[in-house]
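Right, one structure below, let's go through it.
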Amino acid sequence: MTIADIQSDFALLDDWEDRYRYVIELGRAMPPLPDDLRTDANKVRGCASQVWLATTTETAASEPRLHFQGDSDALIVRGLVAILISLYQDKSAGEILATDAPAVLASLGLKDHLTPQRSNGVASMVERIRADARKAQAASGA
C-alpha cells in the first residue's frame, strides 16, 4: 500500500473513530517482524511503546535505496509504523531526506489527533529513518 492509497482512504473516512480503526487495520496488515530483528539496535528511542525499525540498504544504481520492516507492541503505534513505512519504503536516501513527513502526516490530520506522547514517538521514528538514510548516503559516497 502506498501513502497515496492511505491518503485516499483517509479522505473517505469522516469520523476519527473510523480513521483510528483504519490505522489499527494498517498495522494488523503489516507482515510480522521476525524475532531476530527485535534487537536493541533496531529499537526506536523516544517512543513510549516498544517500536522496532529494521533497515536494509540496496546499493544499486547511483544512490542507495532503503527497505524497512517494523513493529510495535501497541496496535495504534503499529499502524503508525505502517504509515511511515508506506511513506518511505524502497525510496532512495535522497528521496527520504527530501520528504516532508510532518506535512504528509498533517495532511492525514494525524498531527491534530495524536497525543503529544504519540506525536513525539512518530517524530522519533521519522528521525531514525532519516538517520538511516543519511548513513546509507554517506556510505555510498552519494
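Checking Gln137 against (1) assigned to a helix (DSSP H, G or I); (2) touching a Pro at 6+ places or on another chain (Cβ under 8 Å); (3) free of Cβ contacts under 8 Å to residues at least 60 places away in the same chain, which test does it fail?
Only one criterion is unmet by Gln137, namely (3).
When you scan segment 1-60, how many residues do you find that are in contact with a Ser or Thr (Cβ under 7 Å, 6 or more places away or on another chain) and hydroxyl-bearing (Ser, Thr, Tyr)?
So the first thing to find is which residues in segment 1-60 are in contact with a Ser or Thr (Cβ under 7 Å, 6 or more places away or on another chain), and the list is 1-3, 6-7, 44-47, 49-51, 59.
If we keep only those that are hydroxyl-bearing (Ser, Thr, Tyr) as well, we get 2, 49, 59.
So the answer is 3.
Against the condition surrounded by fewer than 14 Cβ atoms within 10 Å (Cβ to Cβ) and among the small types (Gly, Ala, Ser), how does Ala131 come out, does it pass?
Details: surrounded by fewer than 14 Cβ atoms within 10 Å (Cβ to Cβ): yes; among the small types (Gly, Ala, Ser): yes.
When the stated conditions are applied, Ala131 passes them.
I want to confirm something. Restricting to segment 103-116 and keeping residues that are under 25 Å from Pro31 (Cα atoms) and not in a loop (DSSP other than H, G, I, E, B), which single residue is farthest from the chain's Cα centre (by Cα)?
The extreme case among them is Leu110.
Every number here is computed from the coordinates shown, using simple stated rules; none is lab data. Keep in mind it's a predicted model, so treat the numbers as computed, not measured. So basically every Cβ, Gly included, is an ideal-geometry build from the backbone, and we count neighbours across all protein chains shown.
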